[in-house]
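Below: one structure, written as structure tokens.
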Amino acid sequence: MTHKLSIELLTIIGASVILAVLGRLSLHYLAIIDTGAYFPHNVKPIVIRVIAKQYVWEFIYPNGTISYNKVVIQSGRPYIFNLTSADVIHAMYIVQLGYKLEAIPGYYYPLYIIVDKPGVYAIYCAEFCGPGHYTMIGELIVTSGSG
Amino acid sequence: MSGKLSGKDYVFWLLSVITMFLIFEALGNFGNLSILSSFSQVSLYEKQLFEITYIAAGGVFAIFMGSLIFLCLRFREAVQKESREIDYFKVSMPLLIISGGILLVFSYPYFSPYLPLQLQFNLGIIISLSMILLLAITFVVYKEYFKD
């Protein structure tokens with residue numbers, strides 16, 4: 001094998017190895033995120049229904065309480081946001097925490113949420129849903145776990 | 001010019017690649033996504049993946065761009081230097097570099113992911129000016145080697 005050919009092959013194999021490692025890691029993390037495998041197994045998650053509609057986020061707690069554009073959760077506790085839409089396609093996007101999921105009419109998709117630090121995090125709609133899309137902003141309020 | 005590369009050439013080649021890698025990494029804060037917090041497991045996964053992807057992309061970019069720059073300079077056609085009354089290259093290049101420095105100083109406050117909406121128009125203007133400046137530098141360098 002000539003020197004030139006070996007260098008050429010090395011670049012192709014190197015690029016393939018990088019892509020394979022990235023692909024494998026992405027797949028691994030995607031599976032964990034999609035199934036909520038990072039949740040603690042000894043704590044039962046609290047399920048909150050989230051209905052996205054033009055241009056508001058509706059949160060329905062397990063006891064039936066409804067709130068609009070604001071949801072309060074405890075830090076360190078696992079929650080499942082069951083996400084759907086009442087009209088067009090929306091997408092729940094909590095930038096700082098890296099959560100993003102589509103809300104599609106007729107379907108419920110689970111978003112596995114666990115936040116370690118109390119604070120207020122903005123919730124955006126990441127799917128253009130109409131002229132008022134930019135006003136569709138909510139708040140995820142995370143309170144201290146002991147409080 | 002000899003087509004065979006010497007030991008010195010290989011050192012310059014390597015330096016060119018390393019410089020490109022460092023520039024790429026410095027521009028992207030070494031793949032550190034500061035907008036993501038570390039308070040959720042998902043954001044930690046995303047941060048880690050982005051960092052690995054960015055560093056790997058930096059390596060690929062550095063190999064290709066570093067090699068391109070080195071090979072272009074090493075095997076460029078020898079230009080017969082003609083004496084000129086006014087060397088426009090020596091006048092325009094420092095001016096452009098100074099303009100770039102001034103632009104960098106002005107644009108420094110805008111390097112933030114939390115830029116208010118009111119300032120985003122200014123950022124657009126600064127980016128446009130940067131592109132015009134890059135175009136001017138490219139043109140001046142091009143004319144230095146290709147007179148016609």
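Name the residues whose placed amide hydrogens come within less than 5 Å of the amide hydrogen of A:Ile46, ignoring near sequence neighbours (fewer than 5 apart) on the same chain.
Those qualifying (amide H under 5 Å, at least 5 residues apart or on another chain) are A:Tyr79, A:Ile80.
Would you order B:Val105, B:Val17, A:Val115, B:Val140 from fewest to most other beta-carbon atoms within 10 Å of each residue's own beta-carbon? All intermediate terms of the calculation are to be shown ahead of the outcome.
Values: B:Val105 9, B:Val17 20, A:Val115 27, B:Val140 16.
Fewest to most other Cβ atoms nearby, the residues stand as B:Val105, B:Val140, B:Val17, A:Val115.
Need one value for A:92-100: mean number of C-beta atoms belonging to other chains within 10 Å of its residues' C-beta atoms. Can you show the working numbers first?
Numbers: counts 0, 0, 4, 5, 7, 9, 15, 4, 2.
The shielding value for this peptide is 5.
Taking the alpha-carbon set of the protein assembly as shown, what are its Rg and Dmax in Å?
In Å, with Rg to one decimal and Dmax whole: 26.7, 87.
Ignore the peptide's own chain and count Cβ atoms of other chains within 10 Å of each Cβ in B:32-41; give me the average, rounded.
On the way: counts 0, 1, 0, 3, 4, 10, 5, 12, 14, 14.
Counting Cβ atoms of other protein chains within 10 Å of each residue's Cβ and averaging gives 6.
Which ³J(HN,Hα) values, rounded to whole Hz and listed in residue order, are derived for segment A:34-39 from phi using the Karplus coefficients 6.51, -1.76 and 1.60 in 6.51 cos²θ - 1.76 cosθ + 1.60 with θ = phi - 60°, glycine and proline given as x?
5, 9, x, 5, 7, 5
Could you run the Karplus curve 6.51 cos²θ - 1.76 cosθ + 1.60 with θ = phi - 60° over segment B:7-24 and give me ³J(HN,Hα) per residue in whole Hz, x for Gly and Pro?
x, 4, 4, 5, 5, 5, 4, 4, 4, 4, 5, 5, 4, 4, 4, 5, 4, 4
Bear in mind that the values in this text are calculations on the coordinates, not laboratory data. If you're wondering where the values come from, they're calculated on a predicted model, not measured in any experiment. Glycine gets a Cβ as well: all are built from the backbone with ideal geometry, and neighbour counts include every protein chain shown.
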